[in-house]
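The values are calculated or read from the model by the stated rules, or taken from the named source; none is laboratory data. Just so it is clear, the model here is predicted, and its values are computed rather than measured. Methodologically, a virtual Cβ is constructed for each residue, glycine included, from the backbone with ideal geometry; neighbour enumeration extends over all protein chains shown. Quick note on the areas: whole protein, heavy atoms, side chains included, nothing else; ligands and nucleic acids left out. Shrake-Rupley method; radii C 1.70, N 1.55, O 1.52, S 1.80 Å.
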Amino acid sequence: MGIPGLEAAHVWISIPFCTIYTIAILGNVSILFIVKMEPSLHGPIYYFLCMLSVTDLVLSTSTMPKMLNIFWFNSTEIDFSACLTQMYFIHCFSAMESGILVAMALDRYVAICHPLRHSTILTNSVVAKIGLAMVLRSSILAFPYPFLARCWPYCRTNIIPHSYCEHIAVVNLACADTRLSSYYGLFILFSVICLDVFFITVSYIQILRAIFSLPTKDARLKTFGTCGSHLCAILVFYIPDFFSSITHRFGHNVPLHFLILMANVYLLVPPLLHPIIYGVRTKQIRERLLWLFPHKGT
């Protein structure tokens, strides 16, 4: 249905959505290109940044082309298998992004608390193993979503009151007791996402202890500045995710169009902001961007 209740404004809504999507694609592709072409950026934090960019590209591309088709051409039909595939990609790469944020928190912890051992702890092989673990974890945990959704009988309607195939929005159409699907979604939310947040929190407690032990205020501010980008990205990703998941299950009095907009913010805004937060605020990447696109007269 796109955004229920706002069908008349779909064309206007598509303008900021398309703009955000285009900027997100360009930004994340630029990050990948710069890291690949610049040998000095071949390090753990930049490898994790590339993983984050790939995840953002897949996550946004799994929803936005179909969503824009709905907004522009009223192309509201989708094959059930395609719907389940979209559902899998959304949940798989959301979990993957959460895991990558944990890996980046680990990198910040090692860089600040054990700077002399950073290169020996986070070697290329260790980074590759962490990346593989994130892929396997998210792939396995996301599999039950489409599997359970396919198992339920659907005899009420085939209209999904959403702009993409969100798990609960699809399962709510089933004419059966779907509490198992709901419980599994809550299990993932609290055991995986909350566990990731716990590990990030522990990392930052250790980081803050190390920062406050530094002798001067300038040193403390400079060191903490290296974590500012990561903290912003954490807030941008987890707050809309948690709010969207909880309100979809328990926010019965919240207007539906607001829930759908929040769900879209969760998928669109992080891919837009991550290249800005991590790329533009990272000195080496910023300098490379300025070299690629020199100012007039310089």
Hey, LYS36 within 26 Å of ALA133 (Cβ to Cβ) and open to solvent by 30 Å² or more (accessible area, probe 1.4 Å) or not: yes
Pairs with Cβ under 7 Å, 6+ apart, first in region 113-137 and farther than 30 Å from ILE188 by Cα and open to solvent by less than 50 Å² (accessible area, probe 1.4 Å), second of a type in the set (S, T, N, Q) and at pLDDT below 95: CYS113/GLN206
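The rows are residues; the columns are (1) at pLDDT below 90; (2) in a loop (DSSP other than H, G, I, E, B).
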position: ARG108; (1), (2): yes, no
position: HIS118; (1), (2): yes, no
position: LEU141; (1), (2): no, no
position: PRO161; (1), (2): yes, yes
Residue within region 59-71 that is in contact with a Ser or Thr (Cβ under 9 Å, 6 or more places away or on another chain), more than 25 Å from PHE198 (Cβ to Cβ), open to solvent by 40 Å² or more (accessible area, probe 1.4 Å) and modelled with pLDDT under 95 present: yes
So, in region 211-226, of the ones that are of a type in the set (A, V, I, L, M, F, W, C) and not in a loop (DSSP other than H, G, I, E, B), which residue ends up nearest to ILE277 (Cα to Cα)? PHE224
Within region 185-205, does at least one residue satisfy the condition of being outside any helix (DSSP H, G or I) and open to solvent by 50 Å² or more (accessible area, probe 1.4 Å)? no
With the first residue restricted to region 199-217 and required to be closer than 12 Å to CYS227 by Cα and aliphatic (A, V, I, L, M), and the second required to be assigned to a helix (DSSP H, G or I) and open to solvent by 50 Å² or more (accessible area, probe 1.4 Å), Cβ contacts under 6 Å at 6 or more apart or on different chains are ILE207/TYR109; ILE211/ARG220; ILE211/PHE224
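Hey, could you check region 206-229 for residues that are closer than 20 Å to GLY99 by Cβ and at pLDDT 85 or above and say which is surrounded by the fewest Cβ atoms within 10 Å (Cβ to Cβ)?
It comes out as GLN206.
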Looking at (1) at negative phi; (2) open to solvent by less than 50 Å² (accessible area, probe 1.4 Å); (3) modelled with pLDDT under 95, which is the one condition that is false for GLY2? (1)
Evaluation of ILE34 against (1) at pLDDT 90 or above; (2) more than 19 Å from ILE100 (Cα to Cα); (3) of a type in the set (A, V, I, L, M, F, W, C) (one fails), failing number: (1)
THR85 being within 19 Å of ARG137 (Cα to Cα) and surrounded by fewer than 21 Cβ atoms within 10 Å (Cβ to Cβ): yes
